[in-house]
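Take a look at the structure set out below.
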Amino acid sequence: MEVSIIKIGNSKGLRLSKTILEKYQIKDKVELILEKGQIILRPIHNPRKNWDKKFKEMSKNDDDTLLINDVFEEDTFEEWN
């Protein structure tokens, strides 16, 4: 696919169609990868998005138990008071 380089203020850039943005789920940012004479644009996904909702759901389902022992279980934390 051929796209034109356009002037954006004092810089230049390229315009991506709405179809491409939707197909590749590109929102506000992309990762720019320079590799062997190529420029690769990769969508950035926020992997921690909505974690707060998922944690609440886990708690509601009693699925939020620790998988390892607490590393501080022997400490009393009195010095922190």
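Peptides 1-10, 40-49: what's the order by average Cβ count within 10 Å, highest mean first?
On the way: 1-10: 7.2, 40-49: 10.7.
My ranking of the peptides, most packed first, is 40-49, 1-10.
Remark: the range 28-39, residue by residue, has Karplus-estimated 3J(HN,Hα) of 9, 9, 10, 8, 9, 10, 9, 8, 6, x, 10, 10 Hz, where x stands for each Gly or Pro and the curve is 6.51 cos²θ - 1.76 cosθ + 1.60 at θ = phi - 60°. The local environment of Y24, defined by Cβ-Cβ distances under 14 Å, has a net charge of +2 under the rule Lys, Arg +1 and Asp, Glu -1.
Output the pairs from K27/K53; K12/K54; K29/K53 with a Cα-Cα distance over 30 Å in this structure; if there are none, say none. Over 30 Å apart, Cα to Cα: K12/K54. Derived scalar couplings between HN and Hα for the range 60-66 equal 4, 8, 6, 10, 10, 7, 5 Hz in order, rounded to whole Hz, by the Karplus curve 6.51 cos²θ - 1.76 cosθ + 1.60 (θ = phi - 60°), x for Gly and Pro.
Fully extending the segment from N50 to E35, taken as 0.36 nm per residue of separation minus the present Cα-Cα distance, adds 2.1 nm.
By how many nm would the segment from R42 to R15 lengthen if fully extended, with 0.36 nm per residue of separation less the alpha-carbon distance? Can you show the working numbers first?
Numbers: separation 27, 0.36 × 27 = 9.72 nm, distance 1.50 nm.
Going from the current span to full extension adds 8.2 nm.
Computing Cα extents along the principal axes in Å for the structure here picks out one of (1) 43, 41, 18; (2) 59, 44, 18; (3) 64, 32, 29, namely (3). Projecting the Cα atoms of L67, I20, N50 onto the charge dipole of the chain, computed from C-beta unit charges around the Cα centre, puts I20 farthest toward the positive end. Here the 3J(HN,Hα) profile of the range 14-25, calculated from phi with Karplus coefficients 6.51, -1.76 and 1.60 at θ = phi - 60°, is 10, 9, 9, 5, 4, 4, 5, 4, 6, 4, 9, 6 Hz, Gly and Pro shown as x.
Among K18, K54, the order by Cβ neighbours within 10 angstrom, fewest to most, reads K18, K54.
Throughout, read-outs are computed from the coordinates displayed, never taken from laboratory work. Keep in mind it's a predicted model, so treat the numbers as computed, not measured. When we count neighbours, we look across all protein chains shown, and the Cβ atoms used for this are built from the backbone with ideal geometry, even at glycine.
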